[in-house]
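**Student:** Quick one: structure below, then a few questions.
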Amino acid sequence: MKKSEKSQIVIIVAVLLMVILLFLALIIDGARLMVEHQELKRAAEAAGKAGLIVVGDRMVTQVVNAQTAAASLTLTATPAGSTPAPTLTPIPAPDDFYSWLTEDHRATLVAPSMRTLVATYVLGSAEENGFGLSNPAVTEFEVDYPHQYHPGDQHLQIYIRIKRVVAVIFGSILNLDEGVLSGDTKQSIPQR
């Protein structure tokens, strides 16, 4: 083998080694960004569930109060010849949970005070998972409850979006030092 052929082989190996290292760097960054995106998505889902737990708790409280009030009604017989007592409206079956929710109950589930309470629990859950507003890498945190609500809807929805700045370790090769990942979720709870 001639000296020029050996030089050519060294150059080819060096170029191939650089290409392999570049692909390896892209694979490492890509895998790390995928993992961080999944963590962000899971944090958004956990925050959404925390908000819906508050809504579910309020629904249960309303139903229990309605059932307790219905059970405490005392009926007395109307004496003959007197004005008849008002007729009672039929009550739902005890196990028919959603039938016990009145429109007034549903209105309290979307009232401003409930929206504030839901947002508080959502933010608290995100903080516990390290993706709250105290994290300097979090650039946007959106809570939309009730999401796209119309009276009469079957479900109450919550939408959460968290955006976070992430460092791209080998991004300097491509002149990219950081990027933004977004994790979002839309969840619902039945109300009818």
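The values are calculated or read from the model by the stated rules, or taken from the named source; none is laboratory data. Worth saying up front: this structure is predicted, and the values here are computed from it rather than measured. Virtual Cβ from ideal backbone geometry, glycine too; neighbours counted across all protein chains shown.
**Student:** Could you tell me which of the residues Ile11, Ile28 is farther than 30 Å from Thr120 by Cβ and touching a residue at least 24 places away in the same chain (Cβ under 8 Å)? Walk me through it before giving the result.
**Tutor:** Working: Ile11 fails: touching a residue at least 24 places away in the same chain (Cβ under 8 Å).
It is Ile28.
**Student:** On to the next question. Please go through the range 144-180 and give me each residue that is modelled with pLDDT of 90 or more and assigned to a strand (DSSP E or B), ordered by number.
**Tutor:** Asp144, His155, Leu156, Gln157, Ile158, Tyr159, Ile160, Arg161, Ile162, Lys163, Arg164, Val165
**Student:** Follow-up question, since we're still on this one. Counting only residues that are β-branched (Val, Ile, Thr), at pLDDT 70 or above and either surrounded by fewer than 10 Cβ atoms within 10 Å (Cβ to Cβ) or over 45 Å from the mean Cα position of the chain (by Cα) (or both), how many does the range 57-82 have?
**Tutor:** Restricting attention to the range 57-82, the residues satisfying the condition of being β-branched (Val, Ile, Thr) are 60-61, 63-64, 68, 74, 76, 78.
Still in the list and also at pLDDT 70 or above: 60-61, 63-64, 68.
Among the residues that remain, those that are also either surrounded by fewer than 10 Cβ atoms within 10 Å (Cβ to Cβ) or over 45 Å from the mean Cα position of the chain (by Cα) (or both) are: 68.
Count: 1.
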